[in-house]
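Take a look at the structure set out below.
The values are calculated or read from the model by the stated rules, or taken from the named source; none is laboratory data. The model shown is predicted, which means the values in this text are computed figures rather than measured ones. Ideal geometry is used to build each Cβ from the backbone, glycine not excepted, and the neighbour counts take in all protein chains shown. Keep in mind that these areas ignore ligands, DNA and RNA; they rest on the heavy atoms of the full protein, side chains included. Shrake-Rupley method; radii C 1.70, N 1.55, O 1.52, S 1.80 Å.
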Amino acid sequence: MNHDYHMEEKILPPSSLEGKVKETMHNAFWDHLKEQLSAAPPDFSCALELLKEIKEILLSLLLPRQNRLRIEIEEALDMDFLKQKAEHEALDVPYLSKYILNMMTLLCAPVRDEAVQKLENVTDPVQLLRGIFQVLGLMKMDMVNYTIQSLQPHLQEHSIQYERAKFQELLDEQPSLLNHTTKWLTKAAADLTMPPPTCPDTPDSSSVAGPSPNEAANNPEPLSPSMVLSQGFLNLLLWDPENEEFPETLLMDRTRLQELESQLHQLTILASVLLVASSFSGSVLFGSPQFVDKLKRVTKSLMEDFNSRPEEAMLTVSEQVSQEIHQSLKNMGLAALSSDNTASLIGQLQNIAKKENCVRSVIDQRIHLFLKCCLVLGVQRSLLDLPGGLTLIEAELAELGQRFVNLTYHNQQVFGPYYTEILKTLTSPAQALETKVESL
C-alpha cells in the first residue's frame, strides 16, 4: 500500500470535443481582452477580473510564515485601488504584469524558472497576461504536489494505525485469526535450519553481498527475527495456490504478491534465455546494448503463452533467437554459428521450458537471493554485485526488488507487533532483546 501521490495538470487532446470547446472559449476570452485594452478609451473590466484571480493565486502560493510577502501583494494588487485607477484610465497593465512576474520568480519552484524567464521577453500585454496565467496554473499544481508530499508521512502513519486497529478488532472477535500467520513464520524458521539443497550448478552465494537464504544451516548463531521474516516473505513468492492457509496479515496484499511472483517467473525465463544465448554468441554481440534490448523485446513478446504452453512458446523463442543471432553475426561480419552449435543453442533454449532445467533453476535461485539481499541491504546496494546471469536484466530486477521491498515494508509497519510476538516463540532466548521486528 505504498502510494506515490502526484498530481498533474489534465491535458485534453486537441481533437476531443471538450478540448476544442475549451480552446475556443479560452481564445475568445483573450481576444475579448485584447479588444478591450485596444479600445479608446480602454476598457479594463476583463483585466481587473484577471488581476483579481492572479492575486488570489499568488496568495494561495504563500506559506503561512510569509506574512511580509502577503502584505506586499495585498497592497500592490489592492482591487479597490486598481478599480479607481481603471475609472481614471490610469491602470498600468504592463507595470502590474512586471510586478507579478517578479513575484512569480520569488515563489516558483526551480522547475518553473525557465518558463518565467521566457515571459520576461514577451512585450504584447495580452500575450504576457496569458502566459502569466498559464504558468501560475502550473505553479498551483506544484504547490498541491508539495502539500501532498509534505502530508504523505502523516497519511502513511494514519493508514498504518488504521489498518492495525481494524485488524485488532477482527482479532478480538476471532482469536484464531493469526493461526495461518504463525504457521507461515514457523515454516520460514524451519527452512532456515534445513541443509541447503545440492545442485551441480548452484551459484556461489558469496558472489552476492548479504546472507544467503540457507546461511543459517551452517551457522551456529541462533536465528534472528529479521532473518525469519525475510525468509517468510520470500516463501510467499513460491506459494502453492492449492494451499489455502495463506497468512491472514497478508491477505490484502495477495493479488500484488501474485503479480510479483508472475514478474519473477518471467524474469527467470528471460534471464535464462539471455544466458544461454550469450554462451553461444560471445561477448561481441552481447556487448551491444541495442542487440540485447532487441533480444529482450523478442523474447518477452513470445513468452505470453508460456504458462499455458511452455514447450510451444520456447520452440518459437528458440527459433527466433537463433535467427536474430545469425542475422546480427552476419551484419557485423562475424563468423556464423556452425550447424552443430545452432542445433545445440535451439535445444538448450527449448529445455528452459522444463521446470527442472538446471539453467532455469540456477537463475531462479539467484533472483530469490537478490530479493533477499534487497530486504536486508536495500535495492541499490544489492544491485552493486549481481551474480552472473542477472546483469543483463538489472533494470528489470531493480523494479521487481523495489516493488517487493515497498510491499513488505508497509506490511511490516502495520503488523510488526504481531510478528514480534510470534517470533518470540520461534527464536532462541538469546535473541530476546532483538525480537522486536525492525525495518528490513
Tally time: how many residues in the range 264-288 are among the polar types (S, T, N, Q) and crowded, with 17+ Cβ neighbours inside 10 Å?
5
Which one is nearest to Phe280 (Cα to Cα) among residues in the range 313-351 that are among the hydroxyl-bearing types (Ser, Thr, Tyr) and without any contact (Cβ under 8 Å) to a residue 12 or more places away in the chain?
Ser338
Of the conditions (1) loosely packed, with under 14 Cβ neighbours inside 10 Å; (2) among the hydroxyl-bearing types (Ser, Thr, Tyr); (3) in contact (Cβ under 8 Å) with a residue 40 or more places away in the chain, Thr181 clears all except one; give me its number.
(1)
Can you find a residue in the range 41-50 that is modelled with pLDDT of 90 or more and under 17 Å from Lys140 (Cβ atoms)?
yes
For the range 345-377, how many residues meet the condition of being touching a Gly at 6+ places or on another chain (Cβ under 9 Å), of a type outside the set (A, V, I, L, M, F, W, C) and open to solvent by 20 Å² or more (accessible area, probe 1.4 Å)?
1
Can you name the residue in the range 24-44 that is in a helix (DSSP H, G or I) and in contact (Cβ under 8 Å) with a residue 40 or more places away in the chain and, of all such residues, is farthest from Gln84 (Cα to Cα)?
Trp30
Go over the candidates Asp92, Asp80, Asp172 one by one and state the one that is touching a Lys or Arg at 6+ places or on another chain (Cβ under 8 Å), at pLDDT 90 or above and at negative phi.
Asp92
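Do we find a residue being under 25 Å from Gln66 (Cβ atoms), open to solvent by 60 Å² or more (accessible area, probe 1.4 Å) and in a helix (DSSP H, G or I) anywhere in the range 116-126?
Taking every residue of the range 116-126 in turn, at least one turns out to be under 25 Å from Gln66 (Cβ atoms), open to solvent by 60 Å² or more (accessible area, probe 1.4 Å) and in a helix (DSSP H, G or I).
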How many residues of the range 289-329 are farther than 18 Å from Ile393 by Cβ, small (Gly, Ala, Ser) and surrounded by fewer than 18 Cβ atoms within 10 Å (Cβ to Cβ)? The answer is 1
Of the conditions (1) modelled with pLDDT under 85; (2) open to solvent by 40 Å² or more (accessible area, probe 1.4 Å), Ser16 satisfies every one except a single condition; which number is it?
(2)
Inter-residue pairs, beta-carbon under 9 Å, first closer than 20 Å to Arg256 by Cα and in the range 387-399, second of a type outside the set (D, E, K, R) and at pLDDT below 90, 6+ apart:
Leu397/Leu386
Where in the range 319-387 are there helices (runs of 4 or more DSSP H), lying fully within it, with 2 or more residues that are among the charged types (D, E, K, R) and in contact with a helix residue (DSSP H, G or I) (Cβ under 6 Å, 6 or more places away or on another chain)?
358-377
